[in-house]
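Undergrad: My questions will all concern the structure given below.
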Amino acid sequence: MDLQTCLKKLELVQVLNFATVDEEGAPQVRNISAIHYEPDALYFFTARGKEFCRQLLRDGRVQVSCYTRFKESIRLSGKAVPVPDDEQIKWRDKIFEEQPYLENVYPKDTKNIGIIFVIKGFTIEYFNLGVNPIFREVYECGATAKPKGFIVNEDCIGCETCVSVCPQRAIDMQDDRASIRQQNCLHCGNCFEQCPTGVITRR
């Protein structure tokens, strides 16, 4: 798996969940399919009168997610900004060409109510529940991902409690110390809660 394959999977799913927050900090999620994909960017169309547009203009932070039929979860995190005025029509026409149904939604000149945003500088979290052990990876495209999950510090006593309670068997013993394979970790926290000495901490 790699970043470009994740982007291709997002494109194949077609309808993606876009999450923002409103002015009161409440989560807002909507389905968007008016998207054009570039190797390092996502361009998408929305109407200026929509709350979605207002939220993006006010803050810009957005998460885009999908779930494939192969039990894969893909989440893209970044900041959306309007494309420059002199590029709006170019990208709008590209999206309408690739998504012909949009002509039914915004026929003729009504498409002028739209605004094109772009997400550049993003991270992608890939999570495959369809394999055992599960597999996860983080990919960066002009942005740095915040570490997640758990680690075992150097005070581990080697009791192997964490090994026995990990649902994905993602913890190995190395030199009498537990080590979590991050690519197979569920981030469930069972090892964290069950460790008798408290040497497992959040990343």
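The values are calculated or read from the model by the stated rules, or taken from the named source; none is laboratory data. The structure displayed is predicted, hence computed values, not measured ones. FYI the Cβ positions are ideal-geometry reconstructions off the backbone, even for glycines, and counts take in every protein chain you see.
Undergrad: Looking at the range 163-178, which of its residues are surrounded by fewer than 16 Cβ atoms within 10 Å (Cβ to Cβ) and either hydroxyl-bearing (Ser, Thr, Tyr) or farther than 20 Å from Val131 by Cα (or both)?
TA: Ser164, Met173, Gln174, Asp175, Asp176, Arg177
Undergrad: Could you tell me which of the residues Glu24, Glu38 is over 14 Å from Ile119 (Cβ atoms) and either modelled with pLDDT of 95 or more or in the same structural domain as Phe127 (by TED's automatic domain parsing) (or both)? I'd like the intermediate steps shown before the answer.
TA: On the way: Glu38 fails: over 14 Å from Ile119 (Cβ atoms).
Of the residues listed, the single one that is over 14 Å from Ile119 (Cβ atoms) and either modelled with pLDDT of 95 or more or in the same structural domain as Phe127 (by TED's automatic domain parsing) (or both) is Glu24.
Undergrad: Now a separate question. Enumerate the pairs (first residue in the range 110-123 and in contact (Cβ under 8 Å) with a residue 40 or more places away in the chain and surrounded by 18 or more Cβ atoms within 10 Å (Cβ to Cβ); second residue anywhere and aromatic (Phe, Trp, Tyr) and part of a helix (DSSP H, G or I)) with beta-carbon separation below 7 Å, excluding pairs fewer than 6 apart on the same chain, so at least 6 apart or on different chains.
TA: Ile116/Trp91
Undergrad: Considering each of Val64, Val81 in turn, give the residue that is without any contact (Cβ under 8 Å) to a residue 60 or more places away in the chain, among the aliphatic types (A, V, I, L, M), surrounded by fewer than 19 Cβ atoms within 10 Å (Cβ to Cβ) and in the same structural domain as Glu24 (by TED's automatic domain parsing). Spell out the reasoning first.
TA: Working: Val64 fails: surrounded by fewer than 19 Cβ atoms within 10 Å (Cβ to Cβ).
Only one candidate qualifies: Val81.
Undergrad: From Phe52, Phe45, which residue is surrounded by 14 or more Cβ atoms within 10 Å (Cβ to Cβ) and part of a strand (DSSP E or B)?
TA: Values: Phe52 fails: part of a strand (DSSP E or B).
Result of the check over Phe52, Phe45: Phe45.
Undergrad: Only one of (1) surrounded by fewer than 17 Cβ atoms within 10 Å (Cβ to Cβ); (2) in contact with a Gly (Cβ under 8 Å, 6 or more places away or on another chain) fails for Glu160. Which number is that?
TA: Glu160 satisfies all of (1) surrounded by fewer than 17 Cβ atoms within 10 Å (Cβ to Cβ); (2) in contact with a Gly (Cβ under 8 Å, 6 or more places away or on another chain) except (2).
Undergrad: Given the condition assigned to a strand (DSSP E or B) and either touching a helix residue (DSSP H, G or I) at 6+ places or on another chain (Cβ under 6 Å) or of a type in the set (Lys, Arg) (or both), answer yes or no: does some residue in the range 22-32 qualify?
TA: As a first pass, look at the range 22-32 and keep what is assigned to a strand (DSSP E or B): 27-32.
If we keep only those that are either touching a helix residue (DSSP H, G or I) at 6+ places or on another chain (Cβ under 6 Å) or of a type in the set (Lys, Arg) (or both) too, we end up with 30.
Yes, some residue in the range 22-32 is assigned to a strand (DSSP E or B) and either touching a helix residue (DSSP H, G or I) at 6+ places or on another chain (Cβ under 6 Å) or of a type in the set (Lys, Arg) (or both).
Undergrad: Separate question: Can you tell me how many residues in the range 92-147 are over 17 Å from Glu11 (Cα atoms), part of a strand (DSSP E or B) and basic (Lys, Arg)?
TA: Looking only at that region, the number is 1.
Undergrad: Give the residue, chosen from Glu125, Glu160, that is within 30 Å of Val62 (Cα to Cα), acidic (Asp, Glu) and in contact with a strand residue (DSSP E or B) (Cβ under 8 Å, 6 or more places away or on another chain). If you could, list the steps in order and put the result at the bottom.
TA: On the way: Glu160 fails: within 30 Å of Val62 (Cα to Cα).
That would be Glu125, the only listed residue that is within 30 Å of Val62 (Cα to Cα), acidic (Asp, Glu) and in contact with a strand residue (DSSP E or B) (Cβ under 8 Å, 6 or more places away or on another chain).
Undergrad: Here's something else I'd like to know. Would a scan of the range 50-64 turn up a residue that is closer than 19 Å to Glu125 by Cα, modelled with pLDDT under 95, in contact with a strand residue (DSSP E or B) (Cβ under 9 Å, 6 or more places away or on another chain) and polar (S, T, N, Q)?
TA: Checking the range 50-64: not a single residue is closer than 19 Å to Glu125 by Cα, modelled with pLDDT under 95, in contact with a strand residue (DSSP E or B) (Cβ under 9 Å, 6 or more places away or on another chain) and polar (S, T, N, Q).
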